[in-house]
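The values are calculated or read from the model by the stated rules, or taken from the named source; none is laboratory data. What you see is a predicted model; the values in this text were computed from it and never measured. Ideal geometry is used to build each Cβ from the backbone, glycine not excepted, and the neighbour counts take in all protein chains shown.
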Amino acid sequence: MAEITASLVSQLRQATGAGMMDCKGALVECGGDYDKAVEYLEVKKIAKAAKKAGRIAAEGQVASYVHQGGKIGVLVEINCETDFAAKAPQFTDLVKDICLHIVASNPQFVTAEEVPENVKADRRAILLAQTIEEGKPEKILDRITDGKLAKWLQESVLLDQPFVKNPEVTVRAYVEKTSAEIGEKIAVRRFVRFELGEGLEKRKDNFAEEVAAQAGGAH
């Protein structure tokens, strides 16, 4: 068995977000093999998450965040199981970070399951037309289009987006890490994002015409 040092345990905790005792136990279980310990903890985390999935999470926080001097605003509801956990620093930080992430990354849905089938069908039709215009061979059109659709979903779904403060992990992974830390189920329930003037037709000044008009009026 490889030597299990405090430094190795700390490194494993940093990488996985698991508790110190869980990390040490994983290294012991895996004979000191770091990579196997990471995999062991990932499997264990998934098992824990599955057990928590059936729990009721009706506490939590509704939080708001306004950015760029009032030009972008976010309102989000994130749930946990108890009022005690809702006040935990890890949970509060999570809520703030997700508000910031929504401002920066502009997701359209919380999960892929929320995306209506007609929306996916319409998007796929657009992507297929683009792929045809690109001159791709007919036999691989569907495969390329499906890949583009998967990428679009990842870019549009909050939990599947790379977390803006650490793009090496997804928002989902960050939520799961915090869930493991506080020992409760956490669910991002809903959000709304407002951007000033979004959807409105904005005035486009033609400065050349404006100068010409002013010059003509001067005669």
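Checked against (1) surrounded by fewer than 18 Cβ atoms within 10 Å (Cβ to Cβ); (2) in contact with a Pro (Cβ under 8 Å, 6 or more places away or on another chain); (3) among the small types (Gly, Ala, Ser), Ser156 meets all criteria but (1). The residue list Lys44, Lys36 contains one member that is of a type in the set (Lys, Arg), out of contact with any strand residue (DSSP E or B) (no Cβ under 6 Å at 6 or more places or on another chain) and either modelled with pLDDT under 85 or buried (at least 16 other Cβ atoms within 10 Å of the Cβ) (or both), which is Lys44. Residue under question is Lys87, and the condition is that it be of a type in the set (Lys, Arg) and more than 25 Å from Glu195 (Cβ to Cβ); does it hold? Yes, satisfied.
Criterion applied to Ala208, Ala129 was being over 25 Å from the mean Cα position of the chain (by Cα) and at pLDDT 90 or above, and the one residue passing it is Ala129.
Selection of segment 60-77 for residues being in contact (Cβ under 8 Å) with a residue 60 or more places away in the chain and out of contact with any Phe, Trp or Tyr (no Cβ under 8 Å at 6 or more places or on another chain) yields Gly70, Lys71.
Annotation note: of Glu168, Glu113, the sole residue that is part of a helix (DSSP H, G or I), surrounded by fewer than 17 Cβ atoms within 10 Å (Cβ to Cβ) and of a type in the set (Asp, Glu) is Glu113. Here Ile182 meets each of (1) at pLDDT 90 or above; (2) touching a strand residue (DSSP E or B) at 6+ places or on another chain (Cβ under 9 Å) with one exception, condition (1). Note on segment 47-61: among residues that are assigned to a helix (DSSP H, G or I) and not hydrophobic (A, V, I, L, M, F, W, C), the one that is modelled with the highest pLDDT is Lys48. For Arg124, are the conditions met, namely being surrounded by 14 or more Cβ atoms within 10 Å (Cβ to Cβ), among the basic types (Lys, Arg) and in the same structural domain as Asn79 (by TED's automatic domain parsing)? Taking the combined requirement at face value, the residue does not satisfy it. Of the residues making up segment 4-33, those that are modelled with pLDDT under 80 and not in a helix (DSSP H, G or I) are Gly17, Ala18, Gly19.
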